[in-house]
Amino acid sequence: MKDETPARAKSADPQQEPHLDTSGDTDEPAFSWLSPAEPTGNKKPATGKPATGTPAAGPSAAAKPGQTTTGTAAAGAAAATATGAIPATPATPATPSQPDSRAGRKAAAAAVEPSGADPSARGTSPVFKEPLPTSALQVRPPDEEVERRNAQRESAANAKPVLPRVMQVLLAVFYPLTLLILAVRAVTSPLFLWVEYNRPGFPGDGYGFSTDDRMTYGSYAVDYLSNWSGPRYLGDLMHRSGDKLFKDGEVSHMADVKVVILSTFGAGVLLLVLALIAILYLRKRSHGGVRRALFAGSLATLALILGLGTLAALGWQQFFTEFHRIFFAAGTWTFSLDDTLIRLFPGQFWIDAGIVIGALVLVAAVVTLVLTWPTRRRRGLAPNESAATANQA
């Protein structure tokens, strides 16, 4: 009998398996009704892991909140008590393990959670959080900085684009030059030549040219200024007597005049194209920009014509001489009274040409000024708004 008792005690006290789960969680299902039935006696569950059961009553089974004893240790103690024998190996003390249920785990976490902690951060380790990039926006800058930024914002909002203003200035500058070039082109035409030769009071030729002769030879000279022919266009012309109609000096001067005239016409075409581009741009980008530019250009044209007309009226001969000195070399534009150019284009012709050019430009400028005058309707102001603006001024 003595030999059987220790053997039975040994068989009733199986060797306790070490606790290898370090993840801090058990294999307990999420719902209590899914947990398997608790094993009876000292039988182990089929999974091979120590089964957990209800702790035994008494001081040895008492455990702190959130802690239990393993079922293997309780079964060994019960077997030893039933046989009345002392087990061969002393029972190991109960080790703390994970709670048996999810509610127990929450209770254990609540027990160890410090007071005042954020409930949303329970069960998580404290992590250092850097401030957000926009957290600096919560700091209000000094009042001086706020006022400076507000002033810059208002100035940027009230500032007008630069390009429309530049286009308005260019259109205002191009307008008088374009009108002047168009007037010059109208004078250098056979129509003006015919009107001039046939008007009453135009001086005749004292050397024998009739009106028909003047119209024929003068048309050659005018056509030469606007075509692409060389100097032979005038140099090969012959008089009835068999002499050359134009001397070499006259042909050379007409070639210089042709260069100036063609350059002027080319500049006029370029200015006209640029003016059209400016007009199209201002029509899309600046409301009333074309009207303001033409109004300013007409004022500039009036000032230009009045200034040049005053100089010409005060001293026509001096004005004519200075004009030729600007474009031609000295000694290349003076001729005798019996030369063909003087007989075809006497001094009265140039006076009339200057008057016609000034008159055409003046009329065009006045018409433009009237059409672009800044009235209330053109400015887009109602009568009451205009009156209020006048009262404030």
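Bear in mind these aren't lab numbers, they're just calculated from the coordinates by the rules spelled out. The shown structure was predicted, so the numbers you read here are calculated from the model rather than taken from an experiment. Glycine also receives a Cβ, built like all others from the backbone with ideal geometry; neighbour counts cover every protein chain displayed.
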Could you run the Karplus curve 6.51 cos²θ - 1.76 cosθ + 1.60 with θ = phi - 60° over the range 216-227 and give me ³J(HN,Hα) per residue in whole Hz, x for Gly and Pro?
6, 6, x, 5, 4, 5, 5, 5, 4, 5, 10, 9
Work out how much length ALA300 to ASP243 would gain on full extension: take 0.36 nm times their residue separation and subtract the Cα-Cα distance, in nm to one decimal.
15.6 nm
Please compute the modelled spin-label separation between ASN227 and PHE323, points set 7 Å along Cα→Cβ, answer in nm with one decimal.
2.6 nm
For TRP228, TRP333, TRP316, what ranking results if the residue with the fewest other Cβ atoms within 10 Å of its Cβ goes first?
TRP228, TRP316, TRP333
At a Förster distance of 25 Å, what's the computed FRET efficiency of ALA255 paired with LEU276, Cβ-Cβ distance as r, to 0.05?
0.20
Report the gain in length on full extension from ARG377 to TYR207: 0.36 nm times residue separation, minus Cα-Cα distance, nm rounded to one decimal.
55.0 nm
Taking just the alpha-carbon atoms of the range 162-381, what radius of gyration and Dmax come out, in angstrom?
20.8, 73
Take the alpha carbon gyration tensor of the range 161-213, find the square roots of its eigenvalues, order them as a ≥ b ≥ c, and report rounded if a/c is under 1.5; if not, report prolate when a/b exceeds b/c, else oblate.
prolate
So if the hydrodynamic radius of the range 255-382 is defined as the Kirkwood radius over C-alpha pairs, what does Stokes-Einstein give as its diffusion coefficient at 37 °C and 0.692 mPa s, in µm² per second?
185 µm²/s
Would you mind ranking THR340, THR301 so that the residue whose beta carbon has the fewest other beta carbons within 10 Å leads the list?
THR340, THR301
Rounded to the nearest 0.05, FRET efficiency between SER189 and HIS287 (Cβ-Cβ, R0 41 Å) equals 0.60
Put in order of increasing Cβ neighbours within 10 Å, starting from the fewest, LYS258, LYS160 give LYS160, LYS258
Taking H placed 1.01 Å from N in the peptide plane, check which residues at least 5 places from LYS244 or on another chain put their amide H under 5 Å from its amide H.
HIS239
Relative contact order of the range 162-381 (C-alpha contacts under 8 Å, at least 6 apart) in percent is 34 percent
Grab the Cα-Cα distance for THR310 and ASP143, subtract it from 0.36 nm times how many residues apart they are, and report the gain in nm with one decimal.
54.0 nm
Let me know the shape class of the range 306-381, please: from the alpha-carbon gyration tensor, a ≥ b ≥ c as square roots of the eigenvalues, rounded when a/c is under 1.5, otherwise prolate if a/b is greater than b/c, or oblate.
prolate
